[in-house]
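Comments concern the structure below.
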Amino acid sequence: MSFSASWLALREPADHRARDCALADRLALHLAQHSTARLLDLGCGSGSNLRALAPVLGQSQDWTLVDYDAALLAAARDALMAWADQADASKDALVLAKQGKAIRVQFQQADLSQGLQPLLASKPHCVTASALFDLCSADFIAQATHAIAQCGAAFYTVLTYDGVERWHPSHARDEAVLAAFIAHQKTDKGFGISAGPDAPDALAHGFQREGYEVFEASTPWQLEAPRDNMLMAELARGIAAAARETGQVEPILVDDWLAARLAATHAAIGHRDLLALPR
């Protein structure tokens, strides 16, 4: 499953506001033992995870950005060059300077559903992702946690959807539409039947079984009108479309819900960040 670069750009400010700073600082402290931190970013999209995390980490960083969508990898390359204070593009990597950091970035097109072992052969110090694992099956999550633990890498993922949504003003169909949306999310997105909002717990339990120390934080989007009007509208339209596809709520009732949501003044959309460190 892939998302458009325009959707990823629209959600990036809300993503960056929601991240838990304490977990990112704890990761930075863990990676400080390495002169150059090596990070593997799964499902990188347009590179938002790097843009949020790199300024927190040490002076020298080596990133590999992985996505199935070649167009998103190209978008990530362009966006990172625009973001950097300085950028040197070569055939196989970008060398970026940002806020005094030296950041080398490689791009790799790969189908994550085929397993992580080939990607982990580079022995990253940290495997990271953003808004990915709620689209993955419980089996994929179990296999991923085991593979990451086998190579001894830290794991840091942000903005995994947890199924908690609160819109204001409230609407009589909020619960029914949310239940239909979650049912739609728990279909196959390319990794088997998705864990959906069960993914945060599956990740935590998986790394705990592997002997890792696990830290979590609630990181909901806090969306407000008029600042986030465009994101709230696109989000509501996407939820409504998914709810219609399930057939669990009559279309006329979904339309009524959507009309109310397009006039919403606030929405809190639940996510969790997770950091797992080898003991």
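Per residue of segment 252-261, what does 6.51 cos²θ - 1.76 cosθ + 1.60 with θ = phi - 60° give for ³J(HN,Hα)? Whole Hz please, x for Gly and Pro, Karplus curve as stated.
Once θ is set to phi - 60°, the couplings for segment 252-261 become 5, 6, 5, 4, 5, 4, 4, 4, 5, 5 Hz.
List the residues whose amide H sits under 5 Å from the amide H of H271, counting only those 5 or more places along or on another chain, with H placed 1.01 Å from N in the peptide plane.
D162, T219, W221
Hey, can you rank 117-124, 176-183, 134-141 by average C-beta count inside 10 Å, highest first?
Packing order, densest peptide first, comes out as 134-141, 176-183, 117-124.
Around S46, with a cut-off of 14 angstrom between Cβ atoms, what is the net charge of the other residues, counting Lys and Arg +1 and Asp and Glu -1?
-3
For segment 236-266 and segment 104-155, what is the centre-to-centre distance using only Cα atoms, to the nearest Å?
Distance between centres, Cα-based: 34 Å.
Per DSSP H run of at least 4 residues, take -39500 (n - 2.57); add these up for the chain, divide by its residues and hand me the 222 nm value, nearest 500 deg cm²/dmol.
Helix contribution divided over all residues of the chain: -12500 deg cm²/dmol.
For the chain, would you read off the P(r) tail past 22 Å as a percentage of all alpha carbon pairs?
The proportion of pairs with Cα distances above 22 Å equals 58 percent.
So, by mean Cβ neighbours within 10 angstrom, what's the order for 251-260, 50-59 with the highest one leading?
In descending order of packing, they fall as 50-59, 251-260.
Scale the Cα Rg of segment 133-279 by the rule-of-thumb value 2.2 N^0.38 Å and send over the ratio, two decimals.
1.16
Could you go through segment 211-218 in sequence order and give the Karplus-derived ³J(HN,Hα) for each residue, using 6.51 cos²θ - 1.76 cosθ + 1.60 with θ = phi - 60°, rounded to whole Hz, and x for Gly and Pro?
x, 7, 8, 10, 10, 9, 8, 7
So if we plug the beta-carbon distance of Q208 and N229 into 1/(1 + (r/R0)^6) with R0 = 45 Å, what FRET efficiency do we get, rounded to 0.05?
0.65
Sorted by packing (mean other beta-carbon atoms within 10 Å per residue), highest first, where do 224-237, 67-80 land?
So the order, starting with the most tightly packed, is 67-80, 224-237.
Kindly work out what percent of the DSSP beta bridges joining two residues of the chain are antiparallel, to the nearest 5.
55 percent
Taking a virtual spin label 7 Å from the Cα of E250 along the C-beta vector, which residues in segment 181-195 bring their backbone nitrogen under 19 Å of it?
181
Residues in segment 179-212, backbone N under 13 Å from the label point at S113 (7 Å along the Cα-to-beta-carbon vector): list them, ranges by number please.
187-194
List, in order, the whole-Hz ³J(HN,Hα) value for each residue of segment 193-198 obtained from phi through the Karplus relation with A = 6.51, B = -1.76, C = 1.60 and θ = phi - 60°; use x for Gly and Pro.
Values per residue, Gly and Pro as x: 4, 5, 6, x, x, 7 Hz.
For segment 1-158, taking Cα atoms only, what is the radius of gyration to one decimal and the Dmax to the nearest whole Å?
14.6, 42
Give me, ordered by chain and number, the residues 5 or more places off T187 or on other chains with an amide H under 5 Å from its own placed amide H.
Amide H to amide H, under 5 Å and 5 or more residues apart or across chains, T187 pairs with S194.
Based on the Cβ-Cβ distance of R279 and S60, what FRET efficiency does E = 1/(1 + (r/R0)^6) give at R0 = 35 Å, to the nearest 0.05?
Given R0 = 35 Å and the Cβ-Cβ separation, E is 0.85.
Just so you know, all these numbers are worked out from the coordinates, no wet-lab data involved. These numbers come from a predicted model, not from an experiment. We place every Cβ from the backbone using ideal geometry, glycine too, and count neighbours over all the protein chains shown.
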